[in-house]
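One structure is given here, and the rest of the page talks about it.
The values are calculated or read from the model by the stated rules, or taken from the named source; none is laboratory data. Just so it is clear, the structure is predicted and the values come from calculations on it, not from any experiment. When we count neighbours, we look across all protein chains shown, and the Cβ atoms used for this are built from the backbone with ideal geometry, even at glycine. Ligands, DNA and RNA are excluded from the accessible area calculation, which covers all protein heavy atoms including side chains. Shrake-Rupley method; radii C 1.70, N 1.55, O 1.52, S 1.80 Å.
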Amino acid sequence: MIRSFTIFILSIWFCPLFADINQNCDKKNICSSIETENNETSVYLQAKNLIPGTHITVYTAIEGSNIETEPQSPISFVLNDPEKKKVLTFKKKENTDAPISVAVLAVAYYGDLSAKHDETYVYTLPYEGKSWISVGYNSGEEHKGGGAYSLDFVLPEGTPLLAARDGIVVETEDKFTEGRRDPKLIDKANRIVIEHSDGTVAIYGHLKLQGVFVKPGDKVIAGQKIGLSGNTGFSTGPHLHFEVYKPEENRKKKSFATLFKTESEEKEYLSEENAYWTPDGKTPPGFPITNLEVFCISHSIPDPDKLATCTDKLQTKRKFYLSIPIYKSGPYTFKAEFIHLKTKKVSFTFQEKIPSGINFEAWEIQPVLNAGKYKIKFYLEEKEIGERSLQILP
């Protein structure tokens, strides 16, 4: 889980002639103050360190009895420069006792409250290589509500991360070391936050310790290397949390579905349990569901997390294993025909269903083949995707 806002509260004793300026700032130097001039008491907001070309949206509420505000509180304001701005005034309600105290509650979000997401923009995948989406849109415990259009990409720690879109870096954090499913770590994920030209903001979360290559104020371009993936904060394992959002009223945010250019060379929305990678011009046999070139035949039980010892020669009377990667979620019908090269006849046909929701499949095949040389033809959904050679030794 990635939090994208900060909260600070300024409490003061109410006084109609309050003249001292008491400014309260958070760690990002977003400040609020209450000032009285000509019997008018006002709330001011200031983003002292605001980066040129970026925005901060601040939800502001006045808490206290017997007071009224103009405009009515709570309300959100957008700060787009570092100048101090008067955002509202307040006074005692008529025919009521003077309030004992007043508090200003401010919640600050990166991004522009009035942002309109460019739905036609095609994003760059935010990593190098290939990745599966473990949690997609409107899924899991966290991808709900304001964060419904978030994506979790499964990535080994240290995978290079890329900017998905041009923008300006507004926040970074890379000091945290821990990562596990613990509510105490919700605000302790290393991250990069980037504002786009349309006022929306992208969050890249759960980065590696010291895995940030950019700093606030940097302008980045799509495809630029910005950091390294990790497993910090509230996390169930190494992954990248990616989300594009805009602030909304009432301390809320709205996330957006984002189009990406993928290995298919088409723009598409990404979905759970599928793998995606940047276009590389390669269309191996079985593309994009699988890759026949990395099918593995072996006498040992395959492990998807380890390099297998694959072979094109097997011992007779010994069972063997056939394993394949699955890049797009099924279900699919898989078939392999073992054709004896001498007789030109099919000696054995193996057929199984590949279920949905998996990225690797392995089958144990009994020793039914006699010694000799074979050609194996592979099929997905009755469509031939290629062939391999195999020899069964005496």
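Restricting to segment 112-171, name every residue that is in a strand (DSSP E or B) and either open to solvent by 40 Å² or more (accessible area, probe 1.4 Å) or aromatic (Phe, Trp, Tyr) (or both). Walk me through how you get there before you give the answer.
Initial filter on segment 112-171 (in a strand (DSSP E or B)): 122-123, 127, 130-135, 150-154, 160-162, 167-171.
Of everything in segment 112-171, those that are in a strand (DSSP E or B) and either open to solvent by 40 Å² or more (accessible area, probe 1.4 Å) or aromatic (Phe, Trp, Tyr) (or both) turn out to be Val122, Tyr123, Tyr127, Lys130, Trp132, Ser134, Phe153, Val154.
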What do you reckon, is Lys313 within 30 Å of Ser264 (Cα to Cα), of a type in the set (D, E, K, R) and at pLDDT 95 or above? no
Checked against (1) of a type in the set (D, E, K, R); (2) in a loop (DSSP other than H, G, I, E, B); (3) open to solvent by less than 10 Å² (accessible area, probe 1.4 Å), Glu243 satisfies every condition except (2)
Val102: passes all of (1) over 30 Å from Gly217 (Cα atoms); (2) in a strand (DSSP E or B); (3) at pLDDT 85 or above but (3)
For segment 63-81, the count of residues that are surrounded by 15 or more Cβ atoms within 10 Å (Cβ to Cβ) and within 27 Å of Val170 (Cβ to Cβ) equals 8
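Matching residues to (1) within 22 Å of His143 (Cβ to Cβ); (2) crowded, with 16+ Cβ neighbours inside 10 Å; (3) out of contact with any helix residue (DSSP H, G or I) (no Cβ under 7 Å at 6 or more places or on another chain):
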| residue | (1), (2), (3) |
| --- | --- |
| Lys267 | yes, no, yes |
| Pro279 | no, no, yes |
| Leu292 | no, yes, yes |
| Phe295 | no, yes, yes |
| Gly330 | no, yes, yes |
Subset of segment 30-83, residues part of a strand (DSSP E or B), of a type in the set (Val, Ile, Thr) and in contact (Cβ under 8 Å) with a residue 60 or more places away in the chain, comes to Ile30, Ile34, Val43, Thr57, Ile75
Condition set open to solvent by 50 Å² or more (accessible area, probe 1.4 Å) and of a type in the set (Asp, Glu), scope segment 175-193, selection farthest from the chain's Cα centre (by Cα): answer is Glu178
Gly199 vs (1) touching a Gly at 6+ places or on another chain (Cβ under 7 Å); (2) farther than 30 Å from Gln72 by Cβ; (3) modelled with pLDDT of 95 or more: all pass except (2)
Considering residues that are touching a residue at least 40 places away in the same chain (Cβ under 8 Å) and among the acidic types (Asp, Glu), the number found within segment 326-362 is 1
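When segment 215-237 is examined, which residues are found to be surrounded by fewer than 19 Cβ atoms within 10 Å (Cβ to Cβ) and either within 25 Å of Pro279 (Cβ to Cβ) or not acidic (Asp, Glu) (or both)? So that I can check it myself, show each step before the final result.
The initial filter retains those residues of segment 215-237 that are surrounded by fewer than 19 Cβ atoms within 10 Å (Cβ to Cβ), namely 215-219, 221-225, 236-237.
Within segment 215-237, Lys215, Pro216, Gly217, Lys219, Ile221, Ala222, Gly223, Gln224, Lys225, Thr236, Gly237 meet the criteria.
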When segment 338-392 is checked residue by residue, the ones that are open to solvent by 80 Å² or more (accessible area, probe 1.4 Å), of a type in the set (S, T, N, Q) and more than 28 Å from Trp132 (Cα to Cα) are Gln366, Asn370, Ser389
